[in-house]
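Read the figures in this text as sums done on the coordinates, not as results from a lab. Computed from a predicted structure; not experimentally measured. When we count neighbours, we look across all protein chains shown, and the Cβ atoms used for this are built from the backbone with ideal geometry, even at glycine.
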Amino acid sequence: MRNALRSELLKAGSGFWMLAVLSYGLLLPFIMWSFFGGEPRDSLVVAPVAAAFTGCYLVTRDYYYGSIQRVVLFNAKEHVFLAKLVAGLVGGLATGVIGVLGWALLSPFEWRVAAGCVVGCGLAGVFGAAVGWVLPNYYLATFVALVVPLTAGTALATLYPEVGKYLPSNAFAGVIGVTPGLLPVWGSAGLALAWVAGVAFAGRALFLRRELS
């Protein structure tokens with residue numbers, strides 16, 4: 001387990017493309033703020049989407065480049081699964097910190113919002129990694145983790161808020177505590193944990209049964 005974890009954390013913190021992926025923690029909130037205006041801190045609600053994409057990328061890139069076989073050759077599949085979830089957590093936390101630092105340059109700093117953003121992004125990073133295990137295809141998983149929350153998820157939350165607030169992206173956003181109409185912070189955190197646990201359980205079952213060729 002230690003070797004698998006060390007390897008995944010090393011990959012999570014290296015490479016040009018990893019920096020590009022983490023930059024979404026700045027890019028997505030900035031785009032939202034540019035289009036919709038308002039308080040810069042309110043745009044942090046999309047930071048967990050960037051974190052989910054980060055976690056998803058950490059899993060699916062091994063499938064995309066065909067290196068997953070080598071990874072499981074030197075480590076037990078259970079260890080690889082857990083190590084990538086931890087890497088997703090670290091990547092999500094890093095994405096949240098990046099988003100918070102960018103927001104702090106534009107408006108007064110609030111520890112409660114900053115902590116909520118980092119925690120929400122950490123949970124979203126694990127969720128994204130779990131999505132990657134369920135859908136190992138890079139393009140499909142990216143569509144589910146990044147595009148769906150920004151399009152269909154936003155539309156559903158706007159048109160049918162009583163349903164939309166239970167979506168995973170809005171559960172993670174609710175942890176930040178700046179968006180009216182979502183569940184309270186602790187309710188959002190509980191729902192986010194439930195989403196993470198459910199998708200991780202499905203991802204583990206599929207990965208352990210999946211034949212790698």
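Miscellaneous remarks
- Note on the chain: with a GNM built from Cα contacts shorter than 10 Å, the maximum mean-square fluctuation among 20, 94, 157 falls on 20.
- From phi via Karplus (6.51, -1.76, 1.60), per-residue ³J(HN,Hα) for region 137-148 in Hz, x at Gly/Pro: 5, 4, 5, 5, 5, 5, 4, 6, 7, 10, 7, 4
- The dipole here belongs to region 1-126: it is taken about the Cα centre, uses +1 on the Cβ of Lys and Arg and -1 on the Cβ of Asp and Glu, and is about 440 debye.
- Cross-link reach is defined here as a Cα-Cα straight distance under 14 Å, omitting same-chain residues fewer than 8 places apart; for residue 77 the aspartates and glutamates meeting it are 8, 62, 211.
- Working note: Karplus 6.51/-1.76/1.60 with θ = phi - 60° gives region 153-166 the couplings x, 5, 5, 5, 5, 7, 7, 10, x, 5, 9, x, 5, 8 Hz, where Gly and Pro are set to x.
- Taking the longest Cα principal axis of the chain as reference, the axis of helix 185-209 is set at about 20 degrees.
- GNM flexibility winner over the chain from 96, 13, 37 (Cα, springs under 10 Å): 37
- FRET efficiency for residue 186 and residue 137, using Cβ-Cβ distance with R0 set to 45 Å, rounded to 0.05: 0.80
- For the chain, a Gaussian network of Cα nodes joined below 10 Å ranks 30, 143, 74 by mean-square fluctuation, and the top entry is 74.
- Contour minus Cα-Cα distance for residue 162 and residue 205 (0.36 nm per residue): 12.4 nm
- The angle separating the long axis of helix 24-36 from the principal Cα axis of greatest extent in the chain is about 30 degrees.
- Applying 1/(1 + (r/R0)^6) with R0 = 22 Å to the Cβ-Cβ distance of residue 23 and residue 194 gives a FRET efficiency near 0.15.
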